[in-house]
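Have a look at the structure below before the remarks.
The values are calculated or read from the model by the stated rules, or taken from the named source; none is laboratory data. What you see is a predicted model; the values in this text were computed from it and never measured. Cβ atoms come from the backbone with ideal geometry, glycine included; neighbour counts cover every protein chain shown.
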Amino acid sequence: MPTSITINNVSGSSPFDVYLCNDPISTCVYIDTITTTPFTFTVPTILETLSSFNLKVVDDNNCQVILNLYDCGEIKQFEDEDNFYFMDNAPYVFMNQ
């Protein structure tokens, strides 16, 4: 099943170039240029087998923000989008129904 990532907010000067990278960063894939959020995209095939990603966002002034998004083995994400770390190493994703 494809993994989707949502950017809920971003600060800086619009437009923003969005890249998804492996962890540690050695390969980045350009996703899109956005001007508004929320923005949802599907993880590209080349990166979908990874358990951890880095989101790289570059604003119009060439300022970059890199965030580690997801580590399958350690993070559980709850509806309020806070991540919690548990000892069972099992990921849990809430689905809106």
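Screening Y85 against (1) surrounded by 11 or more Cβ atoms within 10 Å (Cβ to Cβ); (2) modelled with pLDDT under 50; (3) not polar (S, T, N, Q) leaves a single unmet condition, (1). Among the conditions (1) at pLDDT 50 or above; (2) out of contact with any helix residue (DSSP H, G or I) (no Cβ under 9 Å at 6 or more places or on another chain); (3) surrounded by 11 or more Cβ atoms within 10 Å (Cβ to Cβ); (4) in a strand (DSSP E or B), the only one that K76 does not satisfy is (1).
The lone criterion from (1) within 11 Å of the chain's Cα centre (by Cα); (2) at pLDDT 90 or above; (3) surrounded by 15 or more Cβ atoms within 10 Å (Cβ to Cβ) left unmet by N22 is number (2). For the range 1-19, the candidate set comprises residues that are touching a Ser or Thr at 6+ places or on another chain (Cβ under 6 Å) and more than 15 Å from V65 (Cα to Cα); within that set, the residue that is surrounded by the fewest Cβ atoms within 10 Å (Cβ to Cβ) is P2. Please enumerate the residues belonging to the range 42-69 that are within 15 Å of P15 (Cβ to Cβ) and surrounded by fewer than 17 Cβ atoms within 10 Å (Cβ to Cβ). Passing the criteria: D59, D60, N61, N62, C63, Q64, V65.
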